[in-house]
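> Please read through the structure below; I'll follow up with questions.
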């Protein structure tokens, strides 16, 4: 065997025999060995990148052979070149059909595997019959190969697979007697479910199927077990008893040698115990069983340790009690790589509590003396996190930090000062006695974050530091050379000092305001300087309320993952999502659908009533869930890219909301005499200051050039005529204020009796819209009376793709009856305020989105130029990323982000003098295009 491998290298040597015409002659030779040698040379040439596609018919002729090795080589060639030679690839169909009936199961499997790899539409239909035969083949090796081929065929032509009944055949393989066939069938089904919204019904798992999978689990290879466990994790048991049974049968996988199997088993159990009674003995015991396998993973090689730690990080955020007794396994070893050390450190802090804080602090103090600077910094910062998390141990943590400061190691001192600032924020007026010690190290601070933290401490406690003015003044000497972070902090600290001790710090505050407003090119610094200037000049009391306001206490919980995202990531344990701590939609490209997973709701003793419920009884709005995809009507798992929308959003006219009146300026009281005004020279008014006598609060908008934004609101339409609602007429519209979608309704009672007990409920809709507040009518709605109601909406509701996309079905109840009506929500109220994409991200995303997703349309008769267009659109959360002028034509590049996380990129071409604009849209979700185009048309034709 060894010598045979050595001789294969001769095929890669460059000889004259490698020429195409000579290979062609050898391929058509009557001698089998010569033909085999020629095919090997062709494959060798193909492997090193030479184009040998001209030999396609000659190589295909070699398929008619009993030699398995030669057949494999020909099939390899065929897979590589079939796509570029689709017409000639049809020549191979008969051989495939014949090979699928061959007596040798290896040849049958080879044929069906190759069929799945030939991505040519023309011959796909010819392959259905051979594949159907192989799915029912007597040999398990052929059946398991055919199972995977179904997934490959589905990727080429999903409709064909579903029409030909392959999904049912694939599901039948889940009952196969061979565990490897079952595993491959599960893998194929998982692949199909990720890319098809119509296959869910045909491939839906049930109790009998899950039972068969669990039976096959013990006999599969490790990767087969992973596929089966992942499939079980996607199944929702019908009751507690079934969930417990599955947990018991999966639990033995905890002892498996393969880390992927262990983590997949952990994922199944983590999901199932969510729906059990949390106080039951079974749940308690199952949680105890989770700790040993996770601990065992930390004795493997560093790379696997890191993956395990990233998964454990998620698990301890969801259920910290699982590993609360296992703190020691997360102690750092001297030979751990830095990425493992930092991850262990993070988990240590998450598990820290009052009972183990002493042990943790001793460990962290030791880490702070190591040679790895980055790790030392993180360790010092961890001590500060412990102080914030465990209040009872805060004093001990502060003492530890002081000990570290005494070491005089520069980077340790600086990191300690940064975390002490946070401790002061968490525990105000408690540890200020250590400020003197901190001030001793003032001269050694050279890092911006440490300098900024020290300046904050001095400004915050200026009344307790006798020489605070001298300390802050020492930073002013090199003000222009400081980092922006330090400059901003210094400006605020000196203003704080002035407000606390105005008599002897007037010159200092004048100096810093001059440096910030006159000598700085940084807009953030200038803006803050002007704001402080105006406050100090006009209303000292307001200045104190703003600058010396009580700050919200900080919490250690700020770095926890948002609960909804955490639940989704728990469902993706043992995948890349759990390592990145991001949902698959954030980094998986090229999928028409990515299944959005979520943990089931925790088991409760009482069920929730179904049907219409008063909005008043709904819980307060939870943090908004970003629906990345819009589920389809059949399965709640759908994809915007494949939606078939009906007619676009109907024409709606928008009107401008009245602009808010400008704030009134209070009397101009110059706290500093003429000092502030004189900074800009005698008689020279500040920007936007009409009188030149100091900045008034009313002029702030003018100073900073901030335009007043006006959101377009459609006029009210009649949604529910009185004739259809027993005398209740409802008209309304939608708007967006301060990031909240609002439904504005006018209720008109045209009946002869009073109406009371109003409640509103929405049906499932494309964007998950549900009311956040109740319909507030303090008195009954009497006959002939009207009432205006504003309902705040959020997007936490169940999602179901509607047709058209913005369709919203509403039920309204009163003391008379329940009435139903459907309305279209204007698309632009779904545009969020953080839809301004970074230029580089915009460019990369534009290139990354397939060209076929780009759609152009024309907006006719627009009487605005590029600047007013940009501002009008920005008022409605359509952001201009960049503006270019190409050959006299203005090009606006814009972005929009919808409430469900979908991004749309736009290019708007404006030719001066031509009222017709060209709009190009690019997005992965092409079915939002009609709504976007309609929005542009309506907004640009206003005013």
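The values are calculated or read from the model by the stated rules, or taken from the named source; none is laboratory data. A quick note: this is a predicted structure, and the numbers were derived from the prediction, not measured. With ideal geometry, Cβ positions are generated from the backbone for all residues, glycine too; neighbour counts draw on all protein chains shown.
> For region 830-850, give me the residue count where each residue is over 26 Å from residue 565 (Cβ atoms) and either outside any loop (DSSP other than H, G, I, E, B) or modelled with pLDDT of 90 or more (or both).
Residues in region 830-850 being over 26 Å from residue 565 (Cβ atoms) and either outside any loop (DSSP other than H, G, I, E, B) or modelled with pLDDT of 90 or more (or both): 4 in total.
Matching residues to (1) on the phi > 0 side of the Ramachandran plot; (2) over 44 Å from the mean Cα position of the chain (by Cα); (3) modelled with pLDDT under 90; (4) not in a helix (DSSP H, G or I):
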| position | (1), (2), (3), (4) |
| --- | --- |
| 429 | yes, no, yes, yes |
| 434 | no, no, yes, no |
| 451 | no, no, yes, no |
| 458 | no, no, yes, no |
| 470 | no, yes, yes, no |
| 487 | no, no, no, no |
| 493 | no, no, no, no |
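> Looking at region 98-116, is at least one residue part of a loop (DSSP other than H, G, I, E, B), closer than 27 Å to residue 43 by Cα, at pLDDT below 85 and in contact with a helix residue (DSSP H, G or I) (Cβ under 6 Å, 6 or more places away or on another chain)?
yes
> Between a residue in region 168-179 that is more than 15 Å from residue 231 (Cα to Cα) and any residue that is part of a loop (DSSP other than H, G, I, E, B), which pairs come within a Cβ distance under 7 Å, given they are 6 or more apart or on different chains?
From region 168-179, the pairs are 168/202.
> Would you mind stating whether residue 816 is over 30 Å from residue 894 (Cα atoms), surrounded by 14 or more Cβ atoms within 10 Å (Cβ to Cβ), touching a residue at least 60 places away in the same chain (Cβ under 8 Å) and in contact with a strand residue (DSSP E or B) (Cβ under 8 Å, 6 or more places away or on another chain)?
yes
> Determine the pairs where a residue that is without any contact (Cβ under 8 Å) to a residue 24 or more places away in the chain, located within region 447-470, has a partner that is part of a helix (DSSP H, G or I) with Cβ atoms under 9 Å apart, the partner being 6 or more residues away or on another chain.
Going by the 9 Å Cβ cut-off, the qualifying pairs are 467/439.
> If you don't mind, another one. Looking only at region 331-368, count how many residues are in contact (Cβ under 8 Å) with a residue 24 or more places away in the chain and part of a helix (DSSP H, G or I).
Qualifying residue count for the region: 23.
> Within the set of pairs 6+ apart or on separate chains, which have a first residue in region 96-119 that is surrounded by fewer than 23 Cβ atoms within 10 Å (Cβ to Cβ), a second that is modelled with pLDDT of 80 or more and outside any helix (DSSP H, G or I), and C-beta atoms under 7 Å apart?
Pairs that qualify, where the first residue is surrounded by fewer than 23 Cβ atoms within 10 Å (Cβ to Cβ) and the partner is modelled with pLDDT of 80 or more and outside any helix (DSSP H, G or I), are 105/139.
> Does region 151-162 include one or more residues that are modelled with pLDDT of 85 or more, within 17 Å of residue 102 (Cα to Cα) and buried (at least 19 other Cβ atoms within 10 Å of the Cβ)?
Within region 151-162, not a single residue is modelled with pLDDT of 85 or more, within 17 Å of residue 102 (Cα to Cα) and buried (at least 19 other Cβ atoms within 10 Å of the Cβ).
> Evaluate the following for residue 304: is it surrounded by fewer than 20 Cβ atoms within 10 Å (Cβ to Cβ), at pLDDT 85 or above, more than 25 Å from residue 177 (Cα to Cα) and touching a helix residue (DSSP H, G or I) at 6+ places or on another chain (Cβ under 6 Å)?
yes
> For region 711-745, which positions are within 17 Å of residue 899 (Cβ to Cβ) and in a strand (DSSP E or B)?
Residues satisfying the conditions are 734, 735, 736, 737, 740, 741, 742, 743.
> Follow-up. Would you confirm whether or not region 416-425 contains a residue that is at pLDDT below 90, touching a helix residue (DSSP H, G or I) at 6+ places or on another chain (Cβ under 8 Å) and over 24 Å from residue 484 (Cα atoms)?
No, there is no match, as no residue in region 416-425 is at pLDDT below 90, touching a helix residue (DSSP H, G or I) at 6+ places or on another chain (Cβ under 8 Å) and over 24 Å from residue 484 (Cα atoms).
> Kindly indicate whether any position in region 51-61 is out of contact with any strand residue (DSSP E or B) (no Cβ under 7 Å at 6 or more places or on another chain), loosely packed, with under 12 Cβ neighbours inside 10 Å and modelled with pLDDT of 70 or more.
Looking for residues that are out of contact with any strand residue (DSSP E or B) (no Cβ under 7 Å at 6 or more places or on another chain), loosely packed, with under 12 Cβ neighbours inside 10 Å and modelled with pLDDT of 70 or more, one finds at least one in region 51-61, hence yes.
> Restricting region 516-562 to residues that are loosely packed, with under 11 Cβ neighbours inside 10 Å and assigned to a loop (DSSP other than H, G, I, E, B), which is modelled with the lowest pLDDT?
Residue satisfying both the conditions and the ranking: 553.
> Note down all Cβ pairs under 8 Å where the first residue falls in region 917-937 and is on the phi > 0 side of the Ramachandran plot and assigned to a helix (DSSP H, G or I), the second is modelled with pLDDT of 90 or more and surrounded by 22 or more Cβ atoms within 10 Å (Cβ to Cβ), and they're at least six residues apart or on different chains.
none
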